[in-house]
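Report on the following structure.
The values are calculated or read from the model by the stated rules, or taken from the named source; none is laboratory data. Since we're looking at a predicted model, the values are computed, not measured. Cβ: placed from backbone, ideal geometry, glycine included. Neighbour counts: every protein chain shown.
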Amino acid sequence: MSTIAAIATATGAGGIGIIRMSGDNCFNILKKIFVPINKDTDIEKVPGYTMKYGYIIDSKTNKKIDEVIVSFFRSPKSYTTENMCEINSHGGTVIERKILEQCLLNGADLAEPGEFTKRAFLNGRIDLSQAESVIDIINSKSDKEASASFEQLQGRLSTEINDICNDLLDLMADIEASIDYPEYDIEETTNQKAFEISNKIKNKLLNLENSFENGKLLKEGVKTVIIGKPNAGKSSLLNTLLDEDRAIVSDIEGTTRDTIEEFINIDGIPLKIIDTAGIRNTENSVEKIGVQKAINLIKDSDLIIAVFDISKKLDKEDMEILNLIKNRKSIVLLNKCDLSQENEETTNYMSSINKTVIKASMKTKNGIDVLYKTISNMFKDNEVDINNGIIITNIRHKNQIHKAIQNIEDLQKCIKENMSVDILAVYIKETLENLGEITGNNVSEDIINKIFSKFCLGK
């Protein structure tokens, strides 16, 4: 493989920037652009897991570019299992790019997105499910999501999948023995054993598949939709929850015409907050699309926060909103309680409905703590215990596990119908292929490329 290089730190100003190189020619390239402060240092002989201080230079002019520390990693004990180095420079786009340019001018190729992790997978240091957990850790939005992803990086899912595959292979060996030695008439015993083992495997797979609902909650958050009439205070609520001016707030009705999505964390519970267009009857074609979008989101939400103006009398549009949330998990937020007049009829009616009702003011922030506590209590019972087993967070893994379960169920039907053992072998092989796509033992190049294309450069 060629030697690759990329900037591993995020774009922009920072205290430190890291430029990575990996490949057989890594140290030869480094020799041309790195001058250690200790002139006697032989870069080719620097042991792994050590660091050297010095300067990156322009290989043509010998002009110093930056003062750096270089970390050395020797094959096979590196992230990619190849020779690697990481150049720790001062942060900042200009310096990092100049150092990267020197790496490329002296023989390195620019790494593709995720290519360092892809090489770790191709070189056998990690399997595909572990590789995918790397991007999940990077994209984590809560402590628990990060912990679940780290457990996968440590190989918990891989171990479970491999244990299931070993059970399948043992069963396959028994079946093939009965095929090869039919004179011993062991088919009936094999069928009984196959059913017992397949039940054990099916239960393990079902546990993994069922964990996806918790995994989805960790990864995507509680889908929380803010709805209400125009000027009820929906965008103000979003800004208050985020503690920033994310949405435009105006006295003009219909300011929000599309959805705004952000993530927040309440007591360890990740919430995907979606602000929507004000729900009302309108002749404006663009606003109509926004209103319909809001109504559609209600049907697909985990939680609805319906915002009403406590100073106004409820009208037909308010009643329509209450009807939309009637059978949904929702909180009614009566906003603008800071105003001197409170509509008594509105307050009395809201207290009679079977919903959690909170009086609040986006202006004074009154009631926000109560809202936080209410949401926390609503979802604490569903809180994911990452120490209680393996959590599937990846839809690709879930789909493959589902296919494996279907094949096991087909296998069990064949056993009940006393079909020949060679037919059983077909379903076992298909199940092994399904699970092999999770760990990468049986996966196409297209799927591999698709997975690693989602990674950032330098990882």
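One table, with the values for the structure above:
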{"item": "Conditions (1) touching a Ser or Thr at 6+ places or on another chain (Cβ under 8 Å); (2) under 19 Å from Asn199 (Cα atoms): number failed by Ala425", "result": "(1)"}
{"item": "Asn366 outside any helix (DSSP H, G or I) and either closer than 30 Å to Gly233 by Cα or touching a strand residue (DSSP E or B) at 6+ places or on another chain (Cβ under 8 Å) (or both)", "result": "yes"}
{"item": "From the options Asn434, Asn449, residue that is modelled with pLDDT of 85 or more, assigned to a helix (DSSP H, G or I) and surrounded by fewer than 13 Cβ atoms within 10 Å (Cβ to Cβ)", "result": "Asn449"}
{"item": "Test: residue in segment 26-46 that is buried (at least 16 other Cβ atoms within 10 Å of the Cβ), touching a helix residue (DSSP H, G or I) at 6+ places or on another chain (Cβ under 6 Å) and part of a loop (DSSP other than H, G, I, E, B)", "result": "no"}
{"item": "Qualifying residue in segment 399-415 (condition: closer than 23 Å to Arg125 by Cβ and either at pLDDT 85 or above or not β-branched (Val, Ile, Thr) (or both))", "result": "yes"}
{"item": "Subset tally (residues that are in contact with a helix residue (DSSP H, G or I) (Cβ under 8 Å, 6 or more places away or on another chain) and surrounded by fewer than 16 Cβ atoms within 10 Å (Cβ to Cβ)) for segment 313-327", "result": "1"}
{"item": "From Glu188, Glu213, Glu287, Glu283, residue being in a loop (DSSP other than H, G, I, E, B) and at pLDDT below 80", "result": "Glu283"}
{"item": "Residue that is farthest from Gly48 (Cα to Cα), among those in segment 86-134 that are β-branched (Val, Ile, Thr) and crowded, with 19+ Cβ neighbours inside 10 Å", "result": "Val134"}
{"item": "Qualifying position, being modelled with pLDDT of 90 or more, among the aliphatic types (A, V, I, L, M) and out of contact with any Phe, Trp or Tyr (no Cβ under 6 Å at 6 or more places or on another chain), among Ile331, Ile321", "result": "Ile331"}
{"item": "Hey, Ser22 surrounded by 20 or more Cβ atoms within 10 Å (Cβ to Cβ) and touching a Gly at 6+ places or on another chain (Cβ under 6 Å) or not", "result": "no"}
{"item": "Conditions (1) of a type in the set (S, T, N, Q); (2) in a loop (DSSP other than H, G, I, E, B); (3) without any contact (Cβ under 8 Å) to a residue 60 or more places away in the chain; number of the one not met by Gln292", "result": "(2)"}
